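Input: a single structure, listed below in structure tokens.
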Amino acid sequence: MKFQRLSNINTKRDAWVEINLDAIEKNILELKTYVKDNAKILAVVKADAYGHGSTMITPTLLASGVDYLGVASIDEGIELRNNKFTCPILVLGAAPVWAFDYAAQNNISLSVFLSNHLEAAELTYKKTGLKTKAHIKLDTGMNRIGVQKENAVDFIKKVQYMHSIELQGIFTHFACAEIEEETNKQLEIWNNILSHIDTKGLLLHCFNTAAAIAQYKEDKYNMVRLGLALYGLIPDLPAFAKRVPNLIPAMSLKGRITNIHTAHKGEGVSYSHKYKASGDIKIATIPVGYADGADRRLSNKIFGLLNGKKVPQIGNITMDQMMFDITGIDANEGDIITLLGKDGDESITINEWAQILDTINYELICRLKVRLSRVYTR
């Protein structure tokens, strides 16, 4: 048996995710052309940077001009602090009141929108002598978290007078950035609230990735929150968006062939024999399965790339492995099959998987992180 490795990448398992840091850098430069001059950029790195590895990509983000990092929890923020990143960090979601002192001690900003958040800030100040750094979250139509519009002005003014809170910003989130009418309703509420308060010195951020790319007509903002597009993927956009950014997907998913053999006509492949060979076929197996984030429902519906050619995945995807029909292709154990990414002139994107599964690309890229090693390239 001939065994070869056509890549100098060595991991403890013959399956891995590659992250192209050049792609992230180029995506940021492209996205800056959609952001008004002097507006800051918050890079959303929650869920381990959508599966791309927050601590590993942060140096590239900061070197490319990102000002802030956005996380989902205090723990995610502390992980970044433990890796010596000193840039501003904002917890975009709700933080438990008992953890406010941890945020203050680690210089992590919190989203505040409830009265008990203000009480927790007072207790933190009495306990530690540290002010809670905060951005007030407004609910302008998402109906998830945030100060309700009828109470927003009073809440903001109350926080502005509190000695225990260092108010840094105010923000909201669009529920339907791809729908112009719905987003304009939220913008009307946003503008009405801000017109009743003193916003001098505050960071104002309402634009998410889709809204920034679409370039909604809005001047009451000085920071944008960019997530999915940083990683080379485009969210749904409204019909009026005239310019779609030229982005490069940063993530690839690859596995080395661990076995090649022949199956004969009529033989079944994998559990339940949902696939049966229509003739003699050559089968290659790679060690990627549904425990790695390759959904079992993709079985018999996706392709891999081998030596620049598309090869169909066959049989049910198992927990740790999947098979491909590589009949007619010269290949050896150790050769690489690309599940997501480019090989020669061919490419496969996560959007193709999302369409099959009737879900969104966000969900699927976040899944590819449980057992797969991360390899960073330029």
Label-to-label distance, nm, for residues given as GLU119 and LYS32 (7 Å Cα→Cβ offset): 4.6
Compute the accessible area per residue over the stretch 148-210, keeping the other protein chains in place, probe 1.4 Å, unit Å². 50
Inter-site label distance for HIS261 and GLN148 at 7 Å from Cα along Cβ, in nm: 6.5
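Over 24 Å between Cα atoms: which of LYS12/LYS309; LYS149/LYS185; LYS36/LYS84; LYS126/LYS158; LYS32/LYS158 fall into that group?
Beyond 24 Å between Cα atoms: LYS12/LYS309; LYS36/LYS84; LYS32/LYS158.
Taking the Cβ of THR262 as the centre, find all other residues whose Cβ is under 12 Å away and add up their charges (Lys, Arg: +1; Asp, Glu: -1). Before the final figure, lay out the partial values.
Working: positive: LYS265, LYS282; negative: GLU267, ASP280, ASP325.
Within the 12 Å Cβ shell, the charges total -1.
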Radius 13 Å from Cβ of ASP48, net charge of other residues (Lys, Arg +1; Asp, Glu -1): +1
When all Cα-Cα pair distances of the stretch 169-265 are considered, the percent exceeding 20 Å is 50
XL table LYS40/LYS301; LYS265/LYS301; LYS46/LYS274; Cα-Cα > 31 Å flagged, in table order, is LYS40/LYS301; LYS46/LYS274
Where a label projected 7 Å from the Cα of ALA291 along Cα→Cβ would reach, residues of the stretch 313-343 with amide N under 18 Å: 316-323
Of every Cα-Cα pair in the stretch 293-361, the percent that sits beyond 19 Å: 32
Would you work out what percent of the accessible area of the chain, with all protein chains in place, is carbon or sulfur (probe 1.4 Å)? 48
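Tell me the relative contact order for the chain as a rounded percent, counting alpha carbon contacts under 8 Å between residues six or more apart.
Worked out over the chain, it gives 19 percent.
Averaging sequence separations of C-alpha pairs under 8 Å and six or more residues apart, then dividing by the length of the stretch 17-71, give the relative contact order as a whole percent.
In percent, rounded to a whole number, it is 48.
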Ignoring solvent entirely, what values of log10 I(q)/I(0) come out of the Debye formula for the stretch 215-324 at 0.12, 0.16, 0.18, 0.19 Å⁻¹ when each Cα is a single scatterer? -0.59, -0.81, -0.92, -0.99
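Size of the dipole of the chain about the Cα centre, Lys and Arg at +1 and Asp and Glu at -1 on the beta carbon, nothing else charged, in debye to 20?
580
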Which value, in Å², gives the accessible area per residue of the stretch 1-114 when a 1.4 Å probe is used on the protein heavy atoms? 44
Rounded to one decimal in nm, the spacing of the 7 Å Cα→Cβ label points at LYS185 and ASN106 is 3.8
Mind ranking 253-259, 82-88 by how tightly packed they are, going by the mean number of other C-beta atoms within 10 angstrom, highest first? 253-259, 82-88
State to the nearest 20 debye the size of the charge dipole of the stretch 3-114 about its Cα centre, where the only charges are +1 on K and R beta carbons and -1 on D and E beta carbons. 120
Per-residue [θ]222 nm for the chain (sum of -39500 (n - 2.57) over DSSP H runs n ≥ 4, rounded to 500): -8000 deg cm²/dmol
On each of the three principal axes of the Cα atoms of the chain, give max minus min coordinate, whole Å, ordered largest first. 77, 46, 38
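The values are calculated or read from the model by the stated rules, or taken from the named source; none is laboratory data. Computed from a predicted structure; not experimentally measured. As a convention, Cβ positions derive from the backbone with ideal geometry for all residues, glycine included, and neighbour counts pool all protein chains shown. Surface accessibility is based on the protein's heavy atoms, side chains included, excluding ligands, DNA and RNA. Shrake-Rupley method; radii C 1.70, N 1.55, O 1.52, S 1.80 Å.
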